[in-house]
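Beneath this line is the structure, given in structure tokens, with notes to follow.
The values are calculated or read from the model by the stated rules, or taken from the named source; none is laboratory data. The model shown is predicted, which means the values in this text are computed figures rather than measured ones. Every residue, glycine as well, gets a Cβ built from its backbone with ideal geometry; the counts of neighbours run over all protein chains shown.
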Amino acid sequence: MASIDKAAIAFSIAIVAVGVGFAAFAGNVQDNTPAVSAPVMTKPMEQTQADPFADIADKVKQDAESTTTEEEVMVEEPTAPVEETAPVEESSEPKTVNVEIPKGTSSPGCETSNACFSPASLTINAGDTVEWTNTDTAAHTVTSGSPADGPSGVFDSSLIMGGASFENTFDETGSYDYFCMVHPWMVGNIQVN
């Protein structure tokens with residue numbers, strides 16, 4: 001009987017040792033597992049870009065002022081006519097334009113006064129961003145395409161809850177129709193120059 005007790009004790013110790021080993025392994029695996037977080041949509045911060053040629057222009061101006069003498073100021077009349085060039089228009093920085101999804105648009109009727117998106121039609125330049133803000137209590141979408149043809153796949157906000165917003169940057173020129181997939185009477189258009 002003593003040999004059975006010794007065997008039972010040895011077997012019990014072996015089972016405990018295996019259990020402790022598995023627990024240690026599982027804890028190690030859990031500690032080394034990378035944490036996965038849900039994606040977070042953030043609004044990119046606007047970056048102001050300084051004039052890259054400002055330093056060069058200042059240096060040229062300073063050099064010209066420091067080396068100019070009275071003799072250099074006297075300039076001979078040119079023998080050939082000088083062509084005047086048209087002033088170069090500075091390109092405007094990309095901008096963000098806001099479109100509101102007004103209260104009450106989840107019920108039909110706003111389409112009769114073209115007020116489902118405010119403004120319903122918008123003209124912007126390539127590179128500009130449009131931000132749609134949902135001021136309604138109902139969830140809406142901003143989906144490229146039309147209710148008749150369905151989504152075009154250019155952009156889709158998925159559900160925009162009340163108080164939330166969605167933005168899209170338009171890099172290519174063209175006309176972009178869009179609508180709300182939940183409330184298909186809500187339609188709008190973005191014209192990109």
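Could you check, for the stretch 79-92, whether at least one of its residues is over 22 Å from the mean Cα position of the chain (by Cα) and either surrounded by 11 or more Cβ atoms within 10 Å (Cβ to Cβ) or at pLDDT 95 or above (or both)? No, that holds for no residue. If you go through the stretch 108-125 one residue at a time, do you hit one that is of a type in the set (D, E, K, R), modelled with pLDDT under 95 and touching a strand residue (DSSP E or B) at 6+ places or on another chain (Cβ under 8 Å)? Scanning the stretch 108-125 turns up at least one residue that is of a type in the set (D, E, K, R), modelled with pLDDT under 95 and touching a strand residue (DSSP E or B) at 6+ places or on another chain (Cβ under 8 Å).
Only residues that are part of a strand (DSSP E or B), surrounded by fewer than 19 Cβ atoms within 10 Å (Cβ to Cβ) and in contact with a Ser or Thr (Cβ under 8 Å, 6 or more places away or on another chain): list them for the stretch 149-164, please.
Passing the criteria: 151, 152, 153, 154, 156.
Tell me whether the stretch 142-159 contains one or more residues that are in contact with a Cys (Cβ under 8 Å, 6 or more places away or on another chain), over 20 Å from residue 192 (Cα atoms) and at pLDDT 95 or above. Scanning the stretch 142-159 turns up no residue that is in contact with a Cys (Cβ under 8 Å, 6 or more places away or on another chain), over 20 Å from residue 192 (Cα atoms) and at pLDDT 95 or above.
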